[in-house]
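The values are calculated or read from the model by the stated rules, or taken from the named source; none is laboratory data. Just so it is clear, the model here is predicted, and its values are computed rather than measured. Glycine gets a Cβ as well: all are built from the backbone with ideal geometry, and neighbour counts include every protein chain shown.
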Amino acid sequence: MVSTSGGTGSEGMLTAGTVTVLLGDVEGSTGLWEANHDGMFTAMSQLDELVADSVARHRGTRPVEQGEGDSFVAGFARASDAVACATDLQLAIAKGSWPDGIDLRVRMGLHTGEVRAREEGRYFGPALRVGLVSRACRWRPLSADLPTRPVRRRRSSRGHRRAERLR
């Protein structure tokens, strides 16, 4: 484990080894920034707080920001914690009170795989390959299943019940 001191969100030690990674990205952020610059500053601050709270509540960690911009990454030792975090976040975002003109929607994906933590508090490894990450975060409506096949296998092999679809 590597300290994430100085990172965003949950500080502590990054989970390494086989990790379920939660990836999130704000849909249409460029247009939202262009339409309501001040409102997006407020919305992104609110989102960052929601993510930090939910990741901590579900025993996850966030690496030091790696230039994600309007997206985020979190790691979890248990797939079920990552699924619960993503579910809670989607519900909180849907119920959120956002600035006028901001209809915040966040794509989220989950993938389980091997990662290592660098000394500077950042993840690297096969679980974060660009193609895999983009597929995990592909445009998904709120009702879509979030996890990739390895997450579903890992979660079901440990006796965790299947997460219900978000509505």
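Using the structure shown, decide if ALA56 is of a type outside the set (Phe, Trp, Tyr) and surrounded by 17 or more Cβ atoms within 10 Å (Cβ to Cβ).
Values: of a type outside the set (Phe, Trp, Tyr): yes; surrounded by 17 or more Cβ atoms within 10 Å (Cβ to Cβ): yes.
Considered against the rule, which asks whether it is of a type outside the set (Phe, Trp, Tyr) and surrounded by 17 or more Cβ atoms within 10 Å (Cβ to Cβ), ALA56 comes out as yes.
Of the residues SER80, SER71, only one is modelled with pLDDT of 70 or more, surrounded by 15 or more Cβ atoms within 10 Å (Cβ to Cβ) and in contact with a His (Cβ under 6 Å, 6 or more places away or on another chain); which? Before you say what the answer is, go through the steps one by one.
Details: SER71 fails: in contact with a His (Cβ under 6 Å, 6 or more places away or on another chain).
Result: SER80 is the single residue among SER80, SER71 that is modelled with pLDDT of 70 or more, surrounded by 15 or more Cβ atoms within 10 Å (Cβ to Cβ) and in contact with a His (Cβ under 6 Å, 6 or more places away or on another chain).
For residues that are surrounded by fewer than 15 Cβ atoms within 10 Å (Cβ to Cβ) and among the aromatic types (Phe, Trp, Tyr), scanning just segment 107-144, find the one that is modelled with the highest pLDDT.
Taking the candidates together, the pick is PHE124.
Being part of a strand (DSSP E or B), surrounded by 16 or more Cβ atoms within 10 Å (Cβ to Cβ) and not hydrophobic (A, V, I, L, M, F, W, C): is that true of GLY39 here?
On the way: part of a strand (DSSP E or B): no; surrounded by 16 or more Cβ atoms within 10 Å (Cβ to Cβ): yes; not hydrophobic (A, V, I, L, M, F, W, C): yes.
So GLY39 does not fit the description; no.
Going by the conditions given, is LEU89 farther than 14 Å from THR15 by Cβ and assigned to a loop (DSSP other than H, G, I, E, B)?
no
In segment 44-86, what residues are without any contact (Cβ under 8 Å) to a residue 12 or more places away in the chain, part of a helix (DSSP H, G or I) and within 20 Å of ARG116 (Cα to Cα)?
none
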